[in-house]
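Derivation of every value follows stated rules applied to the coordinates shown; laboratory data play no part. It should be emphasised that the depicted structure is a prediction, and the values quoted were computed from it without experimental measurement. Using ideal geometry, Cβ is built from the backbone for each residue, glycine included, and neighbour counts are taken over all protein chains shown.
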Amino acid sequence: METTLENATQIVESKAYQGKEVRLCSDGKYRWVYEMHLLKNPTIFFTVLKVMMISIGIVWLFGLIIGLGDMSLDYFLFWTKLSGIMLGIFVVLTIIGVLITAAILGKYVVLFEMDEIEVVHIQMPRQVKKAEVIGFITVLVGAMAKNPTTMGAGLLAASKSRSSSEFANVRRVKAYPKRNLIKVNQLFNKNQVYVADEDYDFVYNFIKSRCINAK
């Protein structure tokens, strides 16, 4: 008999959380899939824009340092105006770039893994569909699966990028429920966790309660 997601979840202990997307697998890890529509979620735009603003700020400050020997109000106003123009140009280019990227990619699929130690963000390649990753999770949920690693190994080998956050090293956890986003930031590693509305509170509280060093 074919194993469905509903049948597989019955094998897991009833006390374990089983949400709309989030499932506790037989290896003790929670897993879920998030399909992100780039045009509907502005997170990438905000991230790129933030990098641009920081870069222009550094250039502006560097220009002031260079002009310290001949600093005047006119120089300060000129350099600030020029930096503002550069920022405006970069903002326009960023908007165009994000729109073009969103039009080409459309959306991308992300697999998340979470246990008592860490949360892992795994971006799937474009050719991998959400249903395929859900099928992998369905197999892992059921303890009856003899060898779930073959399919999983194939998916993980094809993954484009992988970012993990160990809870013990996390310094800040920020919630953005309107964007289905939880930012899990370490000192030199910033992770973005996406989760559907129905499972958002569980995932956020799970992460927050285990990041004992976070603000």
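Some notes on this structure:
- Stretchable slack from Ser164 to Lys20, in nm (0.36 nm times residue separation minus alpha-carbon distance): 49.5 nm
- Packing, as the average of other Cβ atoms within 10 Å across residues, places the peptides 20-32, 72-84 in the order 20-32, 72-84, highest first.
- Extension gain for Asp74-Ala175 works out to 32.1 nm (0.36 nm per residue, less the C-alpha to C-alpha distance).
- Remark: for residue pairs Lys29/Lys50; Lys20/Lys208; Lys50/Lys208, the C-alpha separation exceeds 23 Å in Lys29/Lys50; Lys50/Lys208.
- In this simple spin-label approximation, Phe202 and Leu93 carry label points 7 Å from Cα along the Cα→Cβ vector, and these lie 4.5 nm apart.
- Residue-wise HN-Hα couplings along segment 176-188, as the Karplus relation 6.51 cos²θ - 1.76 cosθ + 1.60 with θ = phi - 60° gives them from phi, are 10, x, 5, 9, 6, 10, 10, 8, 10, 10, 9, 4, 10 Hz; Gly and Pro carry x.
- Cα→Cβ-extended label distance, 7 Å offset, between Leu61 and Ser209, nm: 4.0
- FRET efficiency for Glu116 and His37, using Cβ-Cβ distance with R0 set to 22 Å, rounded to 0.05: 0.10
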